[in-house]
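Engineer: My questions will all concern the structure given below.
The values are calculated or read from the model by the stated rules, or taken from the named source; none is laboratory data. This is a predicted model, so every value here is computed, not measured. Note that we place each Cβ from the backbone using ideal geometry, even for glycine, and neighbour counts take in every protein chain shown. What goes into the accessible areas is simple: the full protein's heavy atoms, side chains included, and nothing from ligands, DNA or RNA. Shrake-Rupley method; radii C 1.70, N 1.55, O 1.52, S 1.80 Å.
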Amino acid sequence: MSSKILDPDSALVLSEILAEPALPVGTAAAGPGGARGAALREAVDHLTSVRTSDVRGRTEDETDAFLRDLAAIDPELADVLRWHVALIAVLEAHGPSRARNAVLGDIARGDVLTLATDVRRWQWREGRAPGEANPIAAVDGEVSVDEYPGLYDYILVSVDGTLVALPTHRDRVEWEPQGGAWSVRLDRVTVHRDELIDLGHHPREAAGWREPIHTARRIDGIR
């Protein structure tokens, strides 16, 4: 099934970008993600510029077909957006709140999400998360993400039933490759209470959750 989301013109542009990115190779290769990371970032930027990455309101069949279309162009590009697609479905199904609405609004403006697949360490400074009495708090921690973090605007971190919408490029957020994934380290990173989404459980426990498949290893069978 062909996607109603990705049109043929965009598919052609993506193929051309990934074959020959516009960014100077020397500059791209110097970045943490290397030339490949720069090409993927340019491809993601194209998808956001034409609002194709905003899959709010789409059916499961449409988003499945969208990931299939991306995988046919480049399996790694499909992997970049697999958590983004899954998380949008979770946020849409969750009741409205200031933080949840803000993230969905940012997605409408082109922001891209990923999920922290492992929370190795998470410690609120002074032992308290942001709340009514203290709207801002700082956190130290370490989480893992599957793909190069520089491709994303937010990392959603599940902590005790709360989703923390962590801006990837916030001060004191650093990352490095580790064991086939990326380790993201937080050192006194500031978090506002409006960046906490009270989900009540891990996203994987949400009704209707479907675990995204690594398309780089298995292109077919996205369900």
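Engineer: Quick one: is residue 182 out of contact with any Asp or Glu (no Cβ under 8 Å at 6 or more places or on another chain), over 18 Å from residue 132 (Cα atoms), crowded, with 16+ Cβ neighbours inside 10 Å and not polar (S, T, N, Q)?
Structural biologist: Answer is no for this residue.
Engineer: In the stretch 29-119, which helices (runs of 4 or more DSSP H) lie fully inside it and hold 3 or more residues that are free of Cβ contacts under 8 Å to residues at least 40 places away in the same chain?
Structural biologist: Result: 34-49, 75-93.
Engineer: So which residues in the stretch 175-223 are at pLDDT below 85 and not basic (Lys, Arg)?
Structural biologist: Once the filter is applied, which keeps residues that are at pLDDT below 85 and not basic (Lys, Arg), the stretch 175-223 yields 207, 208, 213, 214, 215, 216, 219, 220, 221, 222.
Engineer: Further, regarding this structure: Restricting attention to the stretch 104-112, does a residue exist that is open to solvent by less than 50 Å² (accessible area, probe 1.4 Å), in contact with a strand residue (DSSP E or B) (Cβ under 7 Å, 6 or more places away or on another chain), closer than 16 Å to residue 88 by Cα and of a type in the set (Asp, Glu)?
Structural biologist: yes
Engineer: Right, here's the next one. Would you point out the residue of the stretch 68-95, among those that are closer than 16 Å to residue 113 by Cβ and open to solvent by 40 Å² or more (accessible area, probe 1.4 Å), that is nearest to the chain's Cα centre (by Cα)?
Structural biologist: 89
Engineer: Of (1) surrounded by 21 or more Cβ atoms within 10 Å (Cβ to Cβ); (2) over 25 Å from residue 95 (Cα atoms); (3) without any contact (Cβ under 8 Å) to a residue 40 or more places away in the chain, residue 151 satisfies all except one. Which?
Structural biologist: (3)
Engineer: Confirm whether residue 47 is crowded, with 20+ Cβ neighbours inside 10 Å and of a type outside the set (Ser, Thr, Tyr).
Structural biologist: Here the answer is yes, as residue 47 does meet what is asked.
Engineer: Could we say that residue 170 is in a strand (DSSP E or B), open to solvent by 60 Å² or more (accessible area, probe 1.4 Å) and modelled with pLDDT of 95 or more here?
Structural biologist: When the stated conditions are applied, residue 170 does not pass them.
Engineer: Here's something else I'd like to know. Only one residue in 190, 162 is over 17 Å from the mean Cα position of the chain (by Cα) and β-branched (Val, Ile, Thr), so which one is that?
Structural biologist: When all the criteria are applied, what remains is 190.
Engineer: One residue is enough: does the stretch 128-148 have a residue meeting the conditions assigned to a helix (DSSP H, G or I) and under 16 Å from residue 159 (Cβ atoms)?
Structural biologist: no
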